[in-house]
Structure formats: C-alpha cells, structure tokens
1. Looking at (1) farther than 21 Å from residue 575 by Cβ; (2) in contact (Cβ under 8 Å) with a residue 12 or more places away in the chain; (3) surrounded by 14 or more Cβ atoms within 10 Å (Cβ to Cβ), which is the one condition that is false for residue 722?
2. I'd like to check something: does the range 167-182 contain any residue that is assigned to a strand (DSSP E or B) and closer than 30 Å to residue 33 by Cα?
3. So, restricting to helices (runs of 4 or more DSSP H) that lie completely within the range 1-114, which ones have at least 3 residues that are at pLDDT below 90 and either acidic (Asp, Glu) or closer than 30 Å to residue 315 by Cβ (or both)?
4. Name every residue in the range 180-216 that is at pLDDT 80 or above and touching a strand residue (DSSP E or B) at 6+ places or on another chain (Cβ under 6 Å), in order of residue number.
5. Quickly run through the range 433-488 and pick out the residues that are part of a loop (DSSP other than H, G, I, E, B) and buried (at least 18 other Cβ atoms within 10 Å of the Cβ).
6. What do you reckon, is residue 260 touching an Asp or Glu at 6+ places or on another chain (Cβ under 9 Å), among the hydrophobic types (A, V, I, L, M, F, W, C) and modelled with pLDDT of 90 or more?
7. Out of all the residues in the range 115-141, which are touching a residue at least 24 places away in the same chain (Cβ under 8 Å), aliphatic (A, V, I, L, M) and assigned to a helix (DSSP H, G or I)?
8. Given the conditions (1) in a helix (DSSP H, G or I); (2) under 42 Å from the mean Cα position of the chain (by Cα); (3) farther than 14 Å from residue 792 by Cα, report the number of the one that residue 590 does not fulfil.
Amino acid sequence: MSRQVTADIATDKPSECTRYAPDLAAGVLASEQTVLRLLTRSTPLPELLAEVCRRAETLLGVGASCSILVLDSDGVTVRVGAAPSLPAQFSASIDGAVIGPATGSCGTAMFERRLVIVDDIEHDPLWANFRHLALPFGLRACWSIPFEDDAGHVLGAFGVYYRDVRRPNESEQELLSEIGHSVGLAVHQDAIRKRLAQSEEHHRLVVDHLNEGIVVQSREGIVLACNPSARRMLRTTDDVIGQGIYTVMRAAFWEDGSHVEPGERPTERVLRSGKPLVGVTLRLELTCGETIWVTENLVPIVKPGETEPGAVLISFNDISAVRAARAQLQQLATRDALTGLYNRAYLADKMSERLTPREIGLGPSTASDDYVPEQAVPGPAAPERAAPGPAAPEPAVPGPAMPDQAASKLAVLFVDLDGFKKVNDIAGHEAGDALLRSVAERLSACVRSEDTLARVGGDEFVIVTGDYADASFLTSLAQRVLDTIAQPFAVGGNEYYLGASIGISLFPDDGCDAPTLMRNADSAMYDAKQRGRNNFQFFTAELSQRLQRRFAIEQSLRRALLADELSLAYQPIVEGATGRIVGAEALLRWHNGELGNVSPAEFIPVAEDTGLIVDIGRWVLENACRQAVEWRGTLIPHLMIAVNLSPRQISGELIDHVGSSLERAGLDPSALELEITEGVLMSDTDTVMPLLSALARMGVRISVDDFGTGYSSLSYLKRFPLHSLKVDRSFVAGLPAHRDAVAITHAVVAMAHSLGMNVTAEGVETYEQAAFLRSIGCERQQGYLFGRPAAAGEFAREAQRLRVEI
C-alpha cells in the first residue's frame with residue numbers, strides 16, 4: 001500500500017483510489033495490496049519490482065512496458081531494478097547510466113525530482129543522447145516519475161514506455177503517481193530490511209518507520225511502547241506511554257458485532273497461554289469518538305530467566321478504508337447497478353450455498369482476510385493461527401462438527417417481462433430504465449425477507465424461495481407477481497402496461513444444482529410465453545422430454561450439412577388459367593439416421609434460434625438455383641423457382657449470397673422469387689428496404705408469403721418493391737362456400753392487382769377452389785390438387801406427364 005493511501009486511512013480521508021472508475025479502483029487497490037503482501041513475506045526486491053511492473057502494465061492498458069530504475073549508493077548511477085517487458089538489450093544499455101538534466105525521461109525525472117513526460121522520443125531533446133538506444137526497439141514514448149523515501153531522498157524512478165507517440169491523460173498521470181508511491185514503499189522497505197541486520201539502532205528505526213502500528217503492553221494493560229504509526233492510528237500522542245490502553249480505547253468488538261468481554265480479550269488470552277495469536281480482527285471505539293477496524297497479531301514477551309510472559313507485543317494495521325473499499329466492491333460485485341437488486345453472480349453463489357451441505361463447527365471459526373458483512377453469524381473469539389514467536393502458537397480447538405443439510409425445498413421462479421421491449425423502443429432507454437426500477441420495487445414487495453430476488457438480464461428477474469409448505473405457496477407467489485406487474489406503471493407522465501411470463505423449477509425434482517434449476521426454470525418460462533404469455537408454468541417431465549428432443553435436433557442439425565442429410569422437395573406452382581406448371585417452390589427436408597424424417601416445423605425453428613439457418617439457407621438457395629437451370633433447359637423453359645427466406649438471413653450478406661448463387665448456377669435473376677413474411681417487412685424498415693430494393697434492381701422477384709396472417713398493412717405494400725402476394729391457405733380452405741373467405745380473398749386479389757402485383761393462392765385442394773380463384777383473376781395456384789412436394793426426380797416425371805396431358 002502506498003504511503004499516501006496509508007495516510008488517507010489514518011486520517012479517515014477517502015483513498016486516492018476513489019478518484020478512479022470502480023474497475024480501475026479495484027485494480028489499483030489490488031496492486032497496492034499485492035505490494036504490501038509481498039513486503040510482509042520478505043519477497044526479494046527484484047521479484048517484487050517485477051510483479052509491480054506487470055501489475056502496472058495491466059492497469060495502464062495494452063502497449064505499456066514498465067521499468068523501475070534504482071539509484072546506486074552514490075546517488076547518481078542508475079541500476080535496472082525490473083523491466084520484465086522491455087528488451088534485455090535495451091535494459092543492459094541503460095544499466096549504469098548517470099542521471100542528469102537531459103538523460104532521457106527517467107534520468108531527468110530523478111535529477112529534477114519531477115514527473116517527466118516525453119511523448120515522442122525521436123524528437124524530444126531530453127533523449128538526444130539516448131534515442132539511438134530506444135528507437136531500434138520500437139520505443140517511441142516514455143513517461144517517468146521519481147520515487148522517494150520518507151526523508152525525501154530520491155530512490156529511483158518508475159518509467160512507462162509505449163511503442164507509439166502518446167501522452168498520458170489526467171487519470172493516467174494520477175495512476176503513475178500512485179504506482180510511484182507503491183514502488184517507493186517497496187524499495188524503501190527493502191532498504192530498511194537490509195539495514196535491519198546492522199544494529200539495534202536500525203531495529204528501532206524500522207519500528208518507527210513501519211506503517212504497521214506497534215504497541216507493547218504490560219500484563220496490567222500499561223502501554224510500554226507505541227510507535228508513530230500506532231499513535232497515528234489510535235489518534236494519540238507520546239503521552240500514552242505509561243498509561244493504560246483503555247485511556248485511548250473505550251471498547252472492542254468482534255467482527256459479528258458482539259462485545260469483547262473481559263477475559264476474552266486477545267491480550268489476556270496470550271498472557272494466559274504464553275502463545276501468539278495471529279490475524280485477529282477487531283472494531284475499536286476510540287476515546288476521541290472515532291471507530292476504526294484493525295487486524296492484529298499478538299506475541300508474548302518472556303524475559304530471559306522467566307517462565308511466563310510479562311508483556312505482549314501487538315502489531316496491527318488500520319483496515320478501515322480497506323474494509324470500506326471491499327464493501328463497495330462487494331456491492332458492485334453482487335448488486336445490479338440499475339435496480340439495486342442482486343445480480344446473476346450473487347444469485348449463482350447463493351443458490352450453490354443453499355444447495356450444498358456444509359460442516360458446521362461449534363468451536364472458533366477459521367480466520368480469513370476476506371470481507372465479512374457487519375451482520376455475520378455470531379461466533380466466539382477471533383481465530384488463532386501459527387506465527388513466529390518465543391512459544392509455539394495456540395491451536396484453535398474445534399468443537400464437534402455436524403453436517404448442515406442442503407435445503408430440503410427450493411424453488412426458482414424465472415420472471416420475464418412481456419411487452420418491455422416495445423416500451424423501450426417507443427419511449428427510449430431512460431423510460432425503460434425507470435420502468436425496470438419500478439418493476440424491481442414491486443417484485444421486492446412480493447417476496448419474503450428470506451427469499452432472494454435478482455435481476456439476471458435486461459428484463460429478466462429470478463426469485464429463489466425455500467421453506468414453503470407446498471406448491472400452493474408457489475402458485476400464490478407467481479400469481480402475486482403477475483397481478484402486481486399487470487398494474488399500470490406511471491413513468492414520465494405516461495402509463496405503461498406490462499405482463500410477465502414465469503417459469504418455475506423445483507429442487508430436487510427438477511435439478512440438484514443451480515445451473516440446472518436455472519436452465520429448467522428458463523425453459524418453463526419460454527413454455528409460458530408459448531402458451532400466450534402473462535402466465536406461469538412449472539417445469540414438467542413432458543417439457544423435459546421436449547427439451548431433450550430439441551437438444552438432440554440441435555446437435556444433429558449442426559452436422560446435417562456436412563453429413564449430406566438435407567434435401568429439397570419441390571411443389572409445383574401452376575398458371576391459374578391453363579393449369580400449366582410455371583414454377584416450383586423449394587422446400588427443405590431432413591432425414592437423420594437416428595431421428596428419422598424430422599418435420600420442418602420442428603427443425604426450422606431450431607435452425608433459426610441457433611443461427612444455423614443462415615448456412616442452411618445459403619445451401620437451399622444454391623441448390624434450388626442449380627435445379628431451376630437444369631429444368632429450364634430440359635423441362636419448362638420459363639420455370640420460376642421460389643425460395644423462402646428466414647428473418648435471420650435478412651442482413652447485408654444476403655445480396656452477395658443471392659448474387660453468387662445466381663452467377664454460379666447461371667440462372668436468370670427474373671427466374672428467382674424470394675418469399676418473405678409480413679413480419680420481416682415490419683421488423684426493421686431501415687434495414688429491409690435497402691436490401692429488397694437492391695434485390696429488385698438485380699431482377700429478383702420478391703413475394704410476401706402467408707399474406708393475411710400478419711400485419712396486412714396496405715402502407716407497407718406500397719412502400720416496398722414487391723412483385724407478388726401469396727394468399728394464406730387458411731383463407732383458401734373456406735372457398736367458395738365461406739362468405740368471409742370469399743370476401744377476403746377477392747379483396748386481396750383486387751388490391752394486389754391495383755398495386756401491380758400478381759397473386760398466388762396456397763393450399764388449393766379442390767376443383768371448386770381452383771375454379772373460384774380462376775374466376776377472380778388469381779394468376780397462380782399451388783396445393784395438393786396439383787401435386788404434393790416431391791423430390792427432384794419425381795417432380796420432373798410428374799411435370800413431364802402433365803405437360804403431355806395438357
């Protein structure tokens with residue numbers, strides 16, 4: 001930890017780290033803690049400095065190469081302390097250099113005792129005599145800051161090199177200062193360690209200069225010694241020596257908040273046992289009214305010739321700021337920044353904790369430097385661990401342990417908002433964020449204090465509950481959530497209405513670990529959406545089977561193209577007036593060795609969800625174009641081939657895919673008709689319009705499939721370059737007897753003709769339907785009356801037969 005940060009802790013000022021963004025602050029804090037930890041382990045200086053360089057390079061980002069130069073005992077000669085990422089030849093060339101007013105960035109920084117920033121080594125005069133050493137290795141910029149000891153003597157310099165011309169921003173300059181302080185501490189402490197062996201005076205010097213507080217306390221509680229750091233932390237002066245320790249401290253408390261009772265005070269335990277205590281964490285209330293957190297080690301002092309300790313040496317650190325920082329980081333790590341609810345990471349940990357049996361010890365708990373919440377489970381005295389001292393450490397005495405069973409009942413409710421995306425798109429992200437905060441407040445009111453509520457995605461929430469009597473509790477909770485979400489939300493002067501789809505999984509019926517329970521609750525939630533939204537569904541064996549079937553389809557489908565398992569079937573499209581075949585629709589088929597013939601209704605949604613439809617669609621387009629060229633040359637000269645497009649294929653790559661397929665097959669673009677749904681037209685006009693316009697300019701025909709089942713908006717029909725409408729089979733099925741079907745079909749045909757488009761009727765199965773459609777001017781017809789989808793060979797034979805008959 002740097003001296004500045006230590007001073008901030010001592011005066012209860014916010015750490016320098018608080019100036020940074022939370023992620024950078026965490027990195028700075030971790031780096032400082034690493035320096036402190038390595039120092040306490042007496043890590044050799046080269047190893048310690050190399051670690052500082054590596055952590056600094058991580059904090060400074062891509063491209064940074066750090067070095068630490070240390071001044072020799074003469075105060076002018078430079079030695080390379082560490083430079084793990086710089087070329088060894090470069091480091092060797094500057095080792096032994098002498099500092100001065102124009103000796104590169106680091107030499108100048110040490111000589112002039114200031115931050116030196118050289119953003120262009122090639123042209124900066126400070127590097128006039130040294131640039132020939134740096135430029136061959138691609139080094140183009142160098143920033144350097146000197147570091148000093150407590151007396152203000154320059155010990156060396158920390159430098160950062162970049163391989164491009166670059167200046168630091170304000171945050172990077174502050175970071176350089178922080179790192180410089182840490183390096184100074186490391187080098188300074190190393191120097192102190194070396195002097196430690198020289199004399200007793202040096203021992204006293206070390207104690208006085210330690211950031212760690214040192215107090216020597218007699219058996220009667222009288223302060224016999226107190227170093228400057230201890231006086232600073234305890235907010236006292238030299239006058240404390242010779243007085244009782246409780247003149248500066250009112251009371252002490254364990255981490256769980258319980259009072260440290262007489263007889264259980266760590267000092268009294270050490271004096272009784274004659275053995276050290278290590279890693280004791282306490283909250284101290286000082287007589288000045290302030291409260292600090294300390295972690296301390298206690299060692300008994302036994303004078304030569306005596307058998308019992310007469311005093312205790314207490315070494316301690318003020319960890320108040322560290323605990324505050326950890327608490328903040330804990331908040332960031334476990335809470336959703338927008339709603340304040342728990343996040344996915346915390347939820348996973350909490351579920352794993354509740355589902356995993358533990359061993360509960362009845363004796364003292366194990367010591368840890370990890371953050372412990374204020375409301376921790378009450379326990380006895382702080383843990384005891386081995387530490388160097390005159391006597392062997394007193395071991396912790398464990399009580400009998402017994403297994404803590406995993407939760408007997410646990411339920412996961414996966415809540416997904418219905419309609420949120422529309423609100424977010426229409427009202428904007430600010431309104432969407434406010435809406436999510438309101439949802440979080442309402443959901444919080446639905447759950448018990450012992451339940452866990454988390455936000456796990458954009459509009460996804462999870463409730464984990466246990467200790468319930470039966471499933472009626474869960475249905476009541478789910479219904480309560482649905483009812484509260486159904487109430488209108490007032491945001492920004494407007495009212496918004498949402499719904500929710502909820503999936504529920506149970507432990508242990510639906511899974512014995514957190515990922516499985518979450519996955520199954522998520523699946524049940526999607527089942528709720530498929531059942532009309534705004535309802536809840538439990539995960540069931542049937543749903544599990546469907547999921548297993550879907551998983552098997554997905555896994556096999558990923559190999560289907562390479563395994564040559566896909567094929568195309570073709571259904572004839574005939575001219576309404578003559579019955580001649582004028583086209584064919586290419587329909588995808590899949591036969592798998594294990595699954596057999598898989599219905600398109602089953603595997604195409606899987607292909608779309610996984611994105612496999614893009615590669616499959618390209619394969620369909622290429623093969624359909626090749627087949628059309630063959631039939632136009634041997635069977636039907638003006639044959640048109642129709643190919644369905646998935647919404648996932650509507651992207652910038654579509655134009656290239658279509659163009660290359662036509663070119664490789666040698667097919668006239670006017671012979672290709674691409675079928676899209678109404679939903680595609682309405683999804684993203686800014687993206688779809690340019691794509692369809694480009695296809696139309698190529699000569700490709702665009703058809704709207706299943707017309708009448710979606711938006712059926714006349715406005716988009718006028719805007720887009722469309723050539724044909726396909727009347728959905730649901731309307732054709734009612735012809736000619738059903739009055740509404742007759743009216744709708746007649747209107748669609750008339751509207752299409754008024755817009756200059758042709759009409760194809762799907763699902764024609766009777767002569768009466770065909771005759772009616774012909775009578776109202778429907779140009780093309782398709783259905784079982786003219787032929788079922790068939791493989792290419794069978795289609796060709798049937799087309800040849802029909803041509804002969806006609």
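The values are calculated or read from the model by the stated rules, or taken from the named source; none is laboratory data. Remember, it's a predicted structure, so these values are computed and weren't measured experimentally. So basically every Cβ, Gly included, is an ideal-geometry build from the backbone, and we count neighbours across all protein chains shown.
1. (1)
2. Scanning the range 167-182, I find no residue that is assigned to a strand (DSSP E or B) and closer than 30 Å to residue 33 by Cα, so the answer is no.
3. Passing ranges, in order: 3-10, 22-40, 45-60.
4. Matches in the range 180-216: 180, 183, 184, 187, 212, 213, 214, 215, 216.
5. Passing the criteria: 456, 459.
6. Against the criterion (touching an Asp or Glu at 6+ places or on another chain (Cβ under 9 Å), among the hydrophobic types (A, V, I, L, M, F, W, C) and modelled with pLDDT of 90 or more), residue 260 does not qualify.
7. 126, 133, 134
8. Of the numbered conditions (1) in a helix (DSSP H, G or I); (2) under 42 Å from the mean Cα position of the chain (by Cα); (3) farther than 14 Å from residue 792 by Cα, the odd one out for residue 590 is (1).
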